[in-house]
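Chemist: So that we are looking at the same thing, I have put the structure below in structure tokens.
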Amino acid sequence: MTALIEVSNLTIRFRTDEGLVTAVEDVSFTLGKGEVMGLVGESGSGKSVTAKALMSLNARNAVYGEDSRITLHADTGPVEVLKLKTARELKIVRGGAISMIFQEPMASFAPAITIGRQMVEQLQLHGDMSKARAKEISVEMLDRVGISDPARRFDQYAFELSGGMRQRAMIAMALSTRPKLLIADEPTTALDVTIQAQVIDLMKDLVNEFHMGIVFITHDLGVIAQTADKVSVMYLGRLIEEGPVREVIRNPKHPYTRGLIAALPKLDDLDAPLTPVAGDIPSPLERPAGCVFHTRCPKILGEVCRTALPGDTQVNPTHRVACHLYPPGGPA
Amino acid sequence: MTDAPLIVTSDLSVGFRTGSGLFGKALLKAVDHVSLDIRKGSFFGLVGESGSGKTTLGRALLKAVPMTGGTARFRDGEVDYDLTTLSGPSLKDYRKRAQLIFQDPYAALSPRMTVRDIIAEPLEVMGLTKTREETDARVRAIAAKCRLNLEHLRRFPHAFSGGQRQRISIARALVSGPKFIVADESVAALDVSIQADVLNLLKELQRDLQITFLFISHDLSVVAHTCDHVAVMYLGRLVESAPTRRVFAAPRHPYTKALFSAIPSLDPDDRGRGQKLTGEIPSPTNQPPGCKFHTRCPYTIARCRTEEPALEHPGDGHEVACHRWRELQETTVA
Ligand SMILES: Nc1ncnc2c1ncn2[C@@H]1O[C@H](COP(=O)(O)OP(=O)(O)OP(=O)(O)O)[C@@H](O)[C@H]1O
Ligand SMILES: Nc1ncnc2c1ncn2[C@@H]1O[C@H](COP(=O)(O)OP(=O)(O)OP(=O)(O)O)[C@@H](O)[C@H]1O
Ligand code: SF4
Ligand code: SF4
Ligand SMILES: [Mg+2]
Ligand SMILES: [Mg+2]
């Protein structure tokens, strides 16, 4: 598979009143063309911040690590995303080659202009296109994401739509420019499952049609199981496990991944109590030394976990985990 | 839980005027003749198509959008309010008793206020406490219930994770001592572990403080695990309503069945197995005649296109609005 985007040693800190806060630390992964990567993990573990970095969209108080690199293989050749500075340079990633569906649908629509005008403006920004043609494409996309009466919705404001419709309008807007990479941050949480299934099918069609790569952030492991090729798991800013979707869901290695899967409410046993991963998440201001999960880990080995950062171990060529239970070269 | 209802609605409707231009303003029936009882102390789940009116129904019950038809009552001990006409001091009193937990724990909290001030704000706005000491005492008591400690109270929200922030929102919603809480997608943004934690907390509060919840969610596994009762909406109408176990064991309405079969399976080899709905999703401003689900229902017959089914009460507590539910129950395996 040819690489679409390569992330290496990504570290992101934020300047705050209380000092530098580390949100993402030393994260590396590669996404191929036409590949769907599911990104899961604790709330606040850095998923959205990582995703925004791919488009260089983080807030101005963000500080990137010195050796952090994000390379996008665009049609015109490789682009170093974090080196882009001016608005003109950034145009290639923002909405041209990469589109993002944001976690907060309200935030991505300007309140005072209609959904349709916003879609048309975005399309015209990226390509030479008549207004009429842009409208045609927009209405067609609204229709494809399952919005009824798309021509009428086109003239409505975001606040007039239900949560799920707003989310679909945003998906339509993100897909209308036919990006090479789609970053979808919790795109289906506000949708009922029947519409969710339809949106997922649409995304799969587009992967096939345009060979689009997708980074799919969601808390819904069922959605991941149904869509992703591979899964990456984050905890407190670190990528702690990555592998093919079947393996990670059926045979998770990291104690946190195991806890996450055990916490899922199961439909076949309504009497089973819900079992959260025990313990409190450390404050981002007090990152634990050693393994970041050691304050809550049920399998903690002792001193080594409290002091030494576990490196990556390949349990097989496509499945890696960062945990002292799996020493490099040892049996997995 | 008791049998006495806290909320009773009868043909409750909410309409919006939308759009402009050629056809004038169209009427959008967001909530259309909904009659339901929410029993005191229950955890009442509300699910359904996106855009079916769940949020609008919740907001109408909190008096955040005007009702345009029908009635709604709130009965709690000495008070019996007609929510359609409530105003003045009674409305003020009702605002103490009914609260909303926001969906988004990030957006809902002001970044410039300490956690203590965020939780205290409703008390101050509603003038429920006289002295700072009294406010502090109430904030501390509710924070402890939500497992936030004194040190947390001095901090600003950005120092907290999603789950902790959601607990801050919950503390804020609870501080005025409400009896009725609308939780609209309030765990959707949380990872499954924190979600489990917050749900356990809500259930505990339901038991200990006798709070009644209207729990709006798209996550059917969460609803199955937490709610006592489930109501299903489609295009503004209530189409099914029953105790949770009954609905999940044997759904009666074809839309509910489709909903359950679309729940994404955790097994990657199950891809594309669920029953898919096809057909036109109707426009809420131009609703189909007859059963509103007939444009997508796999069991539509001629009668469905012209005659709207009423919500039936077959006597077993499992209500459904479909002409064919009895024969479908006999011919299909649930
Ligand atoms: N502009 C900012 N200034 C300071 N801290 C920030 C900023 N943006 C994000 N953070 C912090 O970075 C961390 C990671 O946040 P991020 O939004 O990536 O989490 P997430 O994994 O997407 O969580 P969720 O699942 O809840 O959406 C959090 O601790 C957050 O408070
Ligand atoms: N302020 C408003 N003005 C006009 N129409 C509105 C307004 N608020 C809601 N609506 C419409 O009312 C209908 C019901 O919306 P509502 O938000 O209640 O749906 P919902 O069931 O909560 O959906 P979701 O699951 O997507 O959140 C939708 O068609 C929506 O567009
Ligand atoms: S390194 Fe140690 S503390 Fe961390 S997950 Fe592995 S066993 Fe647990
Ligand atoms: S009334 Fe007819 S169209 Fe409506 S749900 Fe029942 S069978 Fe389907
Ligand atoms: Mg996020
Ligand atoms: Mg809603």
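The values are calculated or read from the model by the stated rules, or taken from the named source; none is laboratory data. A quick note: this is a predicted structure, and the numbers were derived from the prediction, not measured. In this analysis, Cβ positions are derived from the backbone assuming ideal geometry, glycine residues included, and neighbour counts consider all displayed protein chains. These area figures cover heavy atoms from the full protein model, side chains too; ligands, DNA and RNA do not enter into them. Shrake-Rupley method; radii C 1.70, N 1.55, O 1.52, S 1.80 Å.
Chemist: Of A:236, B:123, A:293, which is farthest on the positive side of the dipole of the protein assembly as shown, counting Cα position, with +1 on Lys and Arg Cβ, -1 on Asp and Glu Cβ, and the Cα centre as origin?
Modeler: B:123
Chemist: Would you tell me the mean number of C-beta atoms belonging to other protein chains that fall within 10 Å of each C-beta in B:225-237, as a whole number?
Modeler: 1
Chemist: A follow-up question, please. Consider all pairwise Cα distances in the stretch B:74-137 and report the whole-number % of them above 19 Å.
Modeler: 49
Chemist: Sorted by average packing, counted as other Cβ atoms within 10 angstrom per residue and highest first, what order do A:314-322, A:118-126, A:76-84, A:45-53 take?
Modeler: Those peptides, ordered most packed to least, come out A:45-53, A:118-126, A:314-322, A:76-84.
Chemist: Could you derive backbone 3J(HN,Hα) for the stretch A:157-166 from the dihedral phi with the Karplus parameters 6.51, -1.76 and 1.60 (θ = phi - 60°), listing whole Hz in sequence and x where the residue is Gly or Pro?
Modeler: Karplus-based 3J(HN,Hα) across the stretch A:157-166 equals 9, 4, 5, 7, 9, 6, x, x, 5, 4 Hz.
Chemist: Give B:29/B:292; A:253/A:299; A:266/B:203; B:63/B:96; A:33/A:135; A:204/B:276 a once-over and call out the pairs whose C-alpha atoms are over 20 Å from each other.
Modeler: Pairs exceeding the cut-off: A:33/A:135.
Chemist: Non-local amide H neighbours of residue B:26 (under 5 Å, H modeled in plane, Pro and chain starts lacking H): which ones?
Modeler: B:18
Chemist: Give me the inter-chain shielding for A:162-173: mean count of other chain Cβ atoms within 10 Å, whole number please.
Modeler: Taking the mean over all residues of the peptide, I get 3.
Chemist: Please report the relative contact order for the stretch A:148-244, taking Cα pairs under 8 Å with a sequence separation of at least 6, and give it as a percent rounded to a whole number.
Modeler: 22
Chemist: Answer with one residue from B:320, B:266, B:178: the one whose Cα lies farthest towards the positive end of the charge dipole of chain B, charges on Cβ with Lys, Arg +1 and Asp, Glu -1.
Modeler: B:178
Chemist: Shielding of A:38-51 by partners, i.e. mean partner chain Cβ atoms within 10 Å per residue?
Modeler: Neighbouring Cβ atoms belonging to other protein chains average 3 per residue here.
Chemist: Compute the helix-to-body angle for A:193-210: its Cα long axis versus the longest principal axis of chain A, expressed 0 to 90° and rounded to tens.
Modeler: 80
Chemist: Let me ask something else about it. Between A:220, A:268, A:67, where does the largest GNM mean-square fluctuation fall for chain A, given springs only between Cα atoms within less than 10 Å?
Modeler: A:268
Chemist: Could you check what % of the DSSP bridge pairs in the stretch B:228-334 are antiparallel, to the nearest 5? Kindly include the intermediate steps, with their values, before the conclusion.
Modeler: Numbers: 10 of 10 bridges.
Antiparallel bridges: around 100 percent, rounded to the nearest 5.
Chemist: What's the center-to-center distance, using Cα atoms, between the stretch A:106-151 and the stretch A:256-299 in Å?
Modeler: Result: 41 Å between the Cα centres.
Chemist: I'd like to verify something in chain B: which complete DSSP H helices, judged by Cα projection on the helix axis, reach 24 Å or more and average at least -1.0 on the Kyte-Doolittle scale? Working shown, then result.
Modeler: On the way: long enough: B:192-209 (25 Å, 0.19).
Result, helices passing both filters: B:192-209.
Chemist: In Å³ and rounded to a whole number, note down the convex hull volume per residue for the Cα atoms of the stretch A:1-120.
Modeler: 149
Chemist: Moving on to the next point. Using amide H atoms built in the peptide plane, which far-off residues or other-chain residues are under 5 Å from residue B:76 H to H?
Modeler: B:81
Chemist: Once the convex hull of the alpha carbons of chain A is built, what does its volume come to per residue, in cubic angstrom?
Modeler: Taking only Cα atoms, chain A has a hull volume of 157 Å³ per residue.
Chemist: Can you pull out the trypsin sites (Lys or Arg not before Pro) in the stretch B:65-160 that DSSP calls coil and that have at most 16 other Cβ atoms within 10 Å?
Modeler: B:112, B:130, B:147, B:154
Chemist: Report, by chain and number, residues whose modeled amide H sits under 5 Å from the one on residue A:235, excluding near sequence neighbours (fewer than 5 apart, same chain).
Modeler: Amide H neighbours of residue A:235: A:240.
Chemist: Can you run the Rg to Rh ratio on the stretch B:29-171? Use alpha carbon positions and the Kirkwood inverse-distance Rh.
Modeler: Values: Rg = 17.4 Å, Rh = 17.3 Å.
Here the Rg-to-Rh quotient is 1.00.
Chemist: I'd like the accessible area for residue B:218, computed on protein heavy atoms only with a 1.4 Å probe and all protein chains in place. Round to 10 Å², please.
Modeler: Its heavy atoms expose roughly 20 Å² to the probe.
Chemist: Turning to a different aspect of this structure: Using the Cα centre as the reference, give the magnitude of the dipole from point charges on the C-beta atoms of the protein assembly as shown (Lys, Arg: +1; Asp, Glu: -1; all else neutral), rounded to the nearest 20 debye.
Modeler: 960
Chemist: How much accessible surface area, in Å² rounded to 10, belongs to the heavy atoms of residue A:85 with a 1.4 Å probe?
Modeler: Here the accessible area works out near 140 Å².
Chemist: Taking only the alpha-carbon atoms of the stretch B:219-334, what semi-axes of the equivalent ellipsoid follow from 5 times the gyration tensor eigenvalues under a square root, in whole Å, largest first? Mind showing how you got there, number by number?
Modeler: On the way: eigenvalues 101, 69, 39 Å².
Semi-axes from the Cα gyration tensor: 22, 19, 14 Å.
Chemist: Just to check I understand the Karplus step: with θ = phi - 60° and J = 6.51 cos²θ - 1.76 cosθ + 1.60, what whole-Hz values come out for the stretch B:239-245, glycine and proline as x?
Modeler: Rounded to whole hertz, the list is 9, 7, 7, 6, x, 3, 4.
Chemist: Which shape class applies to the stretch A:155-270: rounded if a/c is under 1.5, otherwise prolate when a/b exceeds b/c and oblate if not, where a ≥ b ≥ c are the square roots of the Cα gyration tensor eigenvalues?
Modeler: Prolate, because a/c is 1.5 or more and a/b exceeds b/c.
Chemist: Tell me the relative contact order for chain A as a rounded percent, counting alpha carbon contacts under 8 Å between residues six or more apart.
Modeler: Rounded, it is 19 percent for chain A.
Chemist: May I ask you to evaluate 6.51 cos²θ - 1.76 cosθ + 1.60, the Karplus curve with θ = phi - 60°, for each residue of the stretch A:183-192 and list the ³J(HN,Hα) values in order in whole Hz, giving x for glycine and proline?
Modeler: Running phi through 6.51 cos²θ - 1.76 cosθ + 1.60 with θ = phi - 60° gives 9, 10, 9, 6, x, 10, 5, 8, 9, 6 Hz.
Chemist: Kindly identify the stretch B:290-334 as rounded, prolate or oblate by the Cα gyration tensor criterion: order the square roots of the eigenvalues as a ≥ b ≥ c, call it rounded if a/c is under 1.5, otherwise compare a/b with b/c, prolate if a/b is larger, else oblate.
Modeler: Oblate is the answer for the stretch B:290-334, as a/c is 1.5 or above yet b/c matches or exceeds a/b.
Chemist: If you project the alpha carbons of the protein assembly as shown onto the principal axes, what extent comes out on each, in Å, largest first?
Modeler: Projected onto the principal axes, the Cα atoms of the protein assembly as shown cover 66, 64, 49 Å.
Chemist: Then there is this: Restricting to bridges with both residues inside chain B, how much of the DSSP beta-bridge set is antiparallel, in percent to the nearest 5?
Modeler: Details: 29 of 47 bridges.
Bridges in chain B that DSSP calls antiparallel: roughly 60 percent.
Chemist: Rg/Rh for the stretch A:202-332 to two decimals, with Rh computed the Kirkwood way over all alpha-carbon pairs. It would help to have the intermediate numbers written out before the result.
Modeler: On the way: Rg = 16.4 Å, Rh = 16.3 Å.
Rounded to two decimals, Rg over Rh is 1.00.
Chemist: At q = 0.19, 0.26 Å⁻¹, what is the log10 ratio I(q)/I(0) for the stretch B:1-89, with the Debye formula run over Cα points and no solvent?
Modeler: Debye output, listed in q order: -0.91, -1.38.
Chemist: Let me ask something additional. In cubic angstrom, how much convex hull volume per residue do the alpha carbon atoms of the stretch B:141-251 span?
Modeler: Taking the convex hull of the Cα positions in the stretch B:141-251, it is 117 Å³ per residue.
Chemist: Further, regarding this structure: For the stretch A:230-317, with only Lys/Arg (+1) and Asp/Glu (-1) charged at the beta-carbon, what is the dipole magnitude about the Cα centre, in debye rounded to 20?
Modeler: Using only the charged Cβ atoms, the result is roughly 180 debye.
Chemist: Can you compute the equivalent ellipsoid semi-axes for chain B, i.e. the square root of 5 times each eigenvalue of the Cα gyration tensor, sorted largest first and rounded to whole Å?
Modeler: 37, 23, 19
Chemist: Counting other Cβ atoms within 10 Å, which GluC sites (Glu not before Pro) in the stretch A:242-314 have at most 11 and lie in a DSSP loop?
Modeler: Answer in residue order: A:286.
Chemist: Okay, moving on. Give me the percent of Cα-Cα pairs in the stretch A:49-106 that sit more than 15 Å apart, rounded to a whole number.
Modeler: 49
Chemist: Residue A:251 to residue A:85: FRET efficiency via 1/(1 + (r/R0)^6), r the Cβ-Cβ distance, R0 25 Å, to the nearest 0.05?
Modeler: Efficiency, from the Cβ-Cβ distance: 0.05.
Chemist: In percent, how large is the relative contact order of the stretch B:96-208, given Cα pairs closer than 8 Å and 6 or more residues apart?
Modeler: 45
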